[in-house]
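Accompanying notes for the structure given below.
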Amino acid sequence: MLGYLIRRLFYAVLAVWAVSIISFFIINLPPGDYVTSYIAQLAIQGNIIGAEEAESLREYYGLDQPSYVQYLKWMNQIRQGNLGFSFEFGLPVNDVIGERLVLTMILAAATIVFIWIVAIPIGILSAVRQYSIWDHTFTFFGFVGLAVPDFMLALIMMYFSFVLFDFSVGGLFSPEYVTASWSLGRGFDLAQHMIIPIIILGTAGTASLIRITRANLLDELRKPYVATARAKGLSEWRLILKYPVRMALNPAISMTAYILPFLVSGSIVVSVVLGLPTVGPILLKALVAQDMFLAGGIILLIGWMTVVGTFLSDLLLVWADPRVKFEGR
Amino acid sequence: MQSPEPETVVTDEDTGTRPLLSVEDLQTYFFTDEGTIKAVDGASFDVYSGRTLGIVGESGCGKSITAKSILQIIDNPGRIVGGQVKLSSNGDASKNLLEMEPNGEEIRSIRGGEISMIFQEPMTSFSPIHTFGNQIIEAIRLHSPLDKEEAHGLAVDWLRRVGIPSPEQRMSEYPYQFSGGQRQRAMIAMALCTEPRILIADEPTTALDVTTQAQILDILQTLQKQNDMSIIFITHDLGVIAEVADVVAVMYLGKVVEIGPVESIFSSPKHPYTKALLSSMPTIDAAPRERMPSITGAIPHPQNRPSGCSFHPRCPSYMSDICGLREPDLVSIGTDQQASCFLYGRN
């Protein structure tokens, strides 16, 4: 067990390191660099910069060095917990994404909990009462939920919550709390503002988890061990929850691992529409501006969290299903 | 461990007592989109205390559905549409299990309590993600007021009785750590730990190799004597039936076509189907390369049940003036043998 954990940790570090190399070099692949896009931006405003000045800017940012030197320097900073400097914001990357990262993680955790709470009971009900009116209703809404683009759902919900409840959606805080320091009131304000984003971000995941739970449970309900449990005299709901549901839950656990990267990269449009201060929109901005340390830093963090998430969900799987063994134990 | 009780099996049948369990005209249909399948269509038989009733028939004849109908654990879209399953309770009037609410408390106290069941697939009949201890203790505590520790002790005791080595340690193991034979032993322990009056064994040895099969049959017979328990033994294996059964019921397309003491069934079968079934058994004195006799024709599709006697298209004694037109009832032939065939009277 301990050996397995250490080995997993080693592979995790290796994976994150690989992510850092690939992300760094891919970001550097397009022609030009941050200075190029900076000059272009200035040109739009009518300021022309001479080649000499551009050169000195490159030197200032260290962009004149070969990319492997830049990479090694970056890695050296990361070793000290510093993700580098964002050209675009003129701030250390840590400061740019600090609170956004915390908010992204809070939102991800809440979305996962929402998906579980909504999808698992509905999936169970749909399977146990297959072809009932409930099953058909949830199947219909499940497919609608899968098919409607998130950002459209976001726009619709923004409209209705504003018109019907006079509740302005957008951002995760009311104006008076945006820059305030953490307090009970700010937390409560955050919770209130998170409801709609959670529903929107969780809809697709909920719909697919309902389908997965239903399909798995239908398979499990026909297994002989269910008949055994029935023949023991267990009540129907107790036996369903104890045996087949436990078996059908594995996908819900594995799904947890990729919710976080989805929230960052897959939901940029929703985040932009809803004005969510998550890292998604920042990543988009950084990539457009070729702000490589900011983009690289975000991708590195997401990679790291995905690896950690996968690891945690693997541990959960081992706990939930004793047949899943630690390799080489 | 209690010592085996002396062999005083009361033959209730001889003393004229009423049966422990009486199945009368049981009908279980499956309502599918393609039509109604009459899986069990008028099955009747009695089970006497301490004896073994063997139910034999080809695949799809409704043996297993009959067994599951007794406990009302039919899967959707199956439904019991008629008949009675009477369980006599000590001295009192008998209870009709089919009148009980399908998942109500009353029938659930009988399931696994008075009537236990073991299944064909020892590999998949246990939950793969719960320990044996968990699953057996659950069965015990459902039907007794024992606390967890007492139930644990009883479970260990039963695992030992069915011949599982180091049972204490195996309680915390999972099904994938057991062999097929050991799982079936554990299954028997789980079914019998509540000391049921009737055990329904649905092809309990079909998935096992011959040596293990013999051991399992041995365990069942020993425990039957110790607990004075009745067994309904379902199989398609006539050899196994000959070994374990006191009374044999032969089923064909959801009906009992012949029933009688095991010796009579094997020495003088009456129904043409029983005769055909017996003659298709391989014998040791067959000549080398001799073709094995088989029943002509194939089992009809369940939705396409022949009119009249459902065996008539395959029957060597087919009588054109009656067999395809009317359904025969079970009639007594000799002292305690019954068969449903017009050869023995056109009732």
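The values are calculated or read from the model by the stated rules, or taken from the named source; none is laboratory data. Please read these numbers as outputs of a predicted model, since none were measured by experiment. Don't worry about glycine lacking a Cβ; one is built from the backbone with ideal geometry, like all the others, and counts go over all protein chains shown. Only protein heavy atoms, including side chains, enter the accessible area calculation; ligands, DNA and RNA are left aside. Shrake-Rupley method; radii C 1.70, N 1.55, O 1.52, S 1.80 Å.
Worth a mention:
- The listed residues A:K242, A:K73, once ranked by accessible area (1.4 Å probe) with the largest placed first, stand as A:K73, A:K242.
- Residues whose amide H comes within less than 5 Å of that of B:Y252, counting only those at least five positions distant or on another chain, are B:V257 (H built at 1.01 Å from N in the peptide plane).
- Accessible solvent surface per residue of region A:98-290, calculated while the other protein chains remain in place, 1.4 angstrom probe, Å²: 46
- Set of region A:193-225 residues, backbone N closer than 12 Å to the point 7 Å along the Cα-Cβ line of A:I106: A:193-195
- For chain B, the share of DSSP beta bridges that are antiparallel, to the nearest 5, is 60%.
- Placing dummy labels 7 Å off each Cα toward the beta-carbon, the span from A:S254 to A:I199 is 3.2 nm.
- Here each label is just a point 7 Å from Cα along the line to Cβ, and for A:N82 and A:E176 those points are 3.9 nm apart.
- Summary value for chain B: 19 percent relative contact order, contacts being C-alpha pairs under 8 angstrom separated by 6+ residues.
- For region B:274-310 versus region A:165-224, the inter-centroid distance based on Cα atoms is 64 Å.
- Residues B:R326, A:R246, B:R79, B:R291, ordered by accessible area of protein heavy atoms at a 1.4 angstrom probe radius and largest first, appear as B:R291, B:R79, B:R326, A:R246.
- Label-point gap, in nm, between B:D321 and A:A54 - each point 7 angstrom along Cα→Cβ: 11.3
- Among beta bridges that DSSP assigns inside the protein assembly as shown, antiparallel share in %, nearest 5: 65
- Close amide H partners of B:C341, meaning residues 5 or more places away or on another chain with modelled amide H under 5 Å apart, are B:V331.
- Here B:E105 sits with roughly 150 square angstrom of accessible surface, probe radius 1.4 Å.
- Of the residues B:P293, B:L220, B:G35, the one whose Cα sits farthest towards the positive end of the charge dipole of the protein assembly as shown is B:P293 (charges of +1 on Lys and Arg Cβ, -1 on Asp and Glu Cβ, taken about the Cα centre).
- Whole-Å distance, taken between Cα centres, linking region A:308-323 and region A:227-304: 15
- Accessible surface of B:H301 - all protein chains present, 1.4 Å probe, nearest 10 Å²: 110
- Other-chain or far-sequence residues with amide H under 5 Å of A:F167's (modelled H): A:F162
- Secondary-structure-derived ellipticity at 222 nm for chain A, considering helices only, amounts to -24500 deg cm²/dmol, per-run term -39500 (n - 2.57) for DSSP H runs with n ≥ 4.
- Threshold 50 Å², region A:225-249 residues less accessible with all protein chains present than alone (1.4 Å probe): A:Y225, A:T228, A:R230, A:A231, A:K232, A:G233, A:K242, A:Y243
- Estimated at 0.36 nm per residue, the fully extended path between B:E168 and B:S144 surpasses their Cα-Cα distance by 6.6 nm.
- Computed from backbone phi, the HN-Hα couplings of region A:117-126 come to 4, 7, 6, 5, x, 5, x, 5, 4, 5 Hz, rounded to whole numbers (Karplus: 6.51 cos²θ - 1.76 cosθ + 1.60, θ = phi - 60°; Gly and Pro given as x).
- Annotation for region A:35-106 versus region B:47-83: alpha-carbon center distance of 76 Å.
- Heavy-atom accessible surface that A and B bury in contact, both chains counted, 1.4 Å, Å² to 100: 2200
- Heavy-atom accessible area order for B:V247, A:V102, A:V270, largest first, 1.4 Å probe: A:V102, B:V247, A:V270
- Extension gain, B:E263 to B:S109, is 51.9 nm, computed as 0.36 nm per intervening residue step minus the present C-alpha separation.
- The simple Förster model, with R0 at 30 Å and r as the Cβ-Cβ distance, assigns A:F262 and A:D64 a FRET efficiency of 0.20.
- From its DSSP helices (H runs of at least four residues, each -39,500 (n - 2.57)), chain B gives a residue-normalised ellipticity at 222 nm of -8000 deg cm²/dmol.
- Placing unit charges on each Cβ (+1 for Lys and Arg, -1 for Asp and Glu) gives region A:98-290 a dipole about its Cα centre, and among A:L153, A:G202, A:P121 the Cα reaching farthest toward its positive end belongs to A:P121.
- For A:W134, solvent-accessible area (1.4 Å; no DNA, RNA or ligand), Å²: 140
- Difference of contour (0.36 nm per residue) and Cα-Cα distance, A:Y159 to A:L2: 51.2 nm
- R0 of 60 Å, Cβ-Cβ distance A:Y11-B:S332: FRET efficiency to nearest 0.05: 0.20
- Across region B:101-110, rounded Karplus estimates of 3J(HN,Hα) from the backbone phi angles (6.51 cos²θ - 1.76 cosθ + 1.60, θ = phi - 60°) give 5, x, 10, x, 5, 4, 5, 5, 6, 7 Hz, Gly and Pro being marked x.
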